[in-house]
Structures are given as C-alpha cells and as structure tokens.
Amino acid sequence: MLKSKSAWLSGLALAGALMVSAGSAAADQIRIGIANFGEHPQLNAAIAGFKKALTDNGFVEGKDVVYTESHTNFDASLVPQMIAKLQAEQPKLIYTITTPVSQIAKKALAGSGIPIVFAAVTDPVAAKLVPSWDAGDEGMTGASDLQDVAAVMAFTKKLLPNAKRFGVPYNPGEANDVALVEKIKAAAPAAGFEVVEVGIDNVNDIQQRIASLAGKADVIYGPASNLIQPAIAAVSAAARQAGIPVVNSDDSAVRNGTVPASFAVNYTQVGVNAGNIAAEILKGKDPKTIAPSRPAYKDHMATISRKAMAAFGIEIPASMADCGCIVD
C-alpha cells in the first residue's frame, strides 16, 4: 500500500513538473502581434513572407514565437481598437501592414516600448513613419512595397508601344497614393509618357471617374492603393467600357483574367524583407538604426493574361510571345 501511494505521489510530482515546464516554455515564447488592414492576396502574402523570414532566422512558429493576427476589413475607424487589443497582449513586436494601419499604430504605441515593423507601405518617408530612407524612427522601421516606376513604364511601352498617355486613378486622401503619383509624374517624361491623373476617394465613384479618362488616356495603371486594389475588378470593367487597357500593380487580378497585365512587386518578398528586419530587432538591434527596405528590380515580375488582352481587343506583341509571363 505504501509503495502504491509512493508511486502515486511520484507520478503526481512528475505531472506537476511537466505542467510547470510546459508553462515555462509557453512563457518563453515570443509574442508578435500582426495588424493587417484587411484580407487581400497581396497583404496575406506579406504575412506569409514575414513568418517565413522569421522561421529562417530561428524564430519557429509554435516553438519560439506565437502570432496574434487581426484585421479590420479595410475599415480605418476600427484600427485604433485593433492596435489596443494587440498591445494588451504585451507583444515583443507588432507587424503593421499598409500605410493607414502603420500611421495609426505609430501614434497609438508611441512611448510604449513595443517596436513596430511595417510592410506594404509605398513611401514611409512621405507617410512620416521614418525620417528618411537611410534610417528608421524611434521604435519603428520596415519594408516598403515601392515599385520601380520607371520599370513599370518600360514594361507598359513594350506591351502597348503606341501608348503615350498614362492614366492613374488614386485616392487623394491617402499619403501612399499621393506619393506614388508624384513619382510617376517625375518618371514619365523619360519614359515618353504624359500622366493623366484622376482622384477617387469613394468606391462608388469608380465607374464615373474611370469613364472620364475615355479619350484622355491610352493605358490605365492600377496602383498599390488601399482603395483601388480591393476594387480592381470594378476599375477594369469601367476601363474596358472606356476602351482603355489596364496594367496593374498586382498579378492576382491578371491570373484570374480580370486585368490584361501587371508588373508587380512580389509581396511575399516584401514580407520576407520585413521579417528579416523583425529578426534583427528581436535579437537586440535598435529599429532606429535599421533603414527601411525597398524592393529591388528583381523583386518585380510581369504577368499577361491572354484572355483579358483579347477581351480588351489587344494583341500581345510578338516581342513578348516568349516572355514566359503569359497565363491562361
């Protein structure tokens, strides 16, 4: 009887030790909050790339690090609440995706001691997230999705040799969009383009505003905009009615046959760039000393939809027939 009781007590002690050990392991895990703006292929890819880079840097999900992901379905009014909930979990770092989310998080977390790594931000300097392209800010740095605008225009000229007027729909209320339009205008003369811009601050105005480009633009560029990209199908439908082909900044709409072509930043790579920065911070580096990254030319890729090109009444140039970028 005594032996049985002793064995039982030993088992109880072992179970208790295992529970303490498991609790200690959980306590040792690094918690990271992920604040996304909404569900979208580009933004989801940025999350996947971020996690991959951290895994490659020795921060394995479920073992070394645990993530709390949240998004607001592109409702900016809900972002402060999302940030507050993530902050309440006392994470070691918060990953913010898109310019609006990053701007709100910077203000909300000022002085909290929680470092922020952003991604899918076109111009972090114009958005006042960092002081320059050469350094991070206090507690914040990250990875831009800034496209090589000159390369986009070079691709467009190859696809549409006779195009001279470059139409750009954008949200005038978003710093991201305004900064990109300025870069497009600066690059246009060397590429042989005249820029025709049209402001859209409400998705309900897309049909009318895109229709206004009829006879004024030879091609429409779909920028990496939080207003334009979720509604790119509506933009493309309106452009088709106006007889204007679309070159997009995201390839997913090309792959499903909605848009004729894209020259796009690889958002998985943007996430990888952000994840590598996060790993440096988790290993002790000050965000202020880490310059924000931006995609290199090699981080872009061309995609052409044969189906959508035909729907717009455009032939794929013979010079691009063997590009290896044609789908469907």
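The values are calculated or read from the model by the stated rules, or taken from the named source; none is laboratory data. These numbers come from a predicted model, not from an experiment. As a convention, Cβ positions derive from the backbone with ideal geometry for all residues, glycine included, and neighbour counts pool all protein chains shown. To get the accessible areas, we keep the full protein, side chains included, count just its heavy atoms, and leave off ligands, DNA and RNA. Shrake-Rupley method; radii C 1.70, N 1.55, O 1.52, S 1.80 Å.
What the table below lists for this structure:
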| read-out | value |
| --- | --- |
| Residues that are within 17 Å of the chain's Cα centre (by Cα) and open to solvent by 10 Å² or more (accessible area, probe 1.4 Å), drawn from region 251-264 | Asp251, Ser252, Phe263 |
| Unique match (being under 15 Å from the mean Cα position of the chain (by Cα) and within 23 Å of Val247 (Cβ to Cβ)) among Val101, Val152, Val121 | Val121 |
| Positions within region 90-127 being among the polar types (S, T, N, Q) and touching a strand residue (DSSP E or B) at 6+ places or on another chain (Cβ under 8 Å), in sequence order | Gln90, Thr96, Thr98, Thr99, Ser102, Thr122 |
| Long-range neighbours under 7 Å by Cβ, at least six apart or interchain, first residue within 19 Å of Ile244 (Cβ to Cβ) within region 178-201, second open to solvent by 10 Å² or more (accessible area, probe 1.4 Å) and part of a helix (DSSP H, G or I) | Ile184/Val149; Ala191/Ala150; Ala191/Ala154; Ala191/Lys157; Gly192/Lys157; Val195/Lys185; Val198/Arg209; Ile200/Arg209 |
| Strands (runs of 3 or more DSSP E) wholly inside region 217-302 containing at least 1 residues that are farther than 19 Å from Ile326 by Cβ | 219-222, 261-265 |
| Val246 being over 29 Å from Val198 (Cα atoms) and over 20 Å from the mean Cα position of the chain (by Cα) | no |
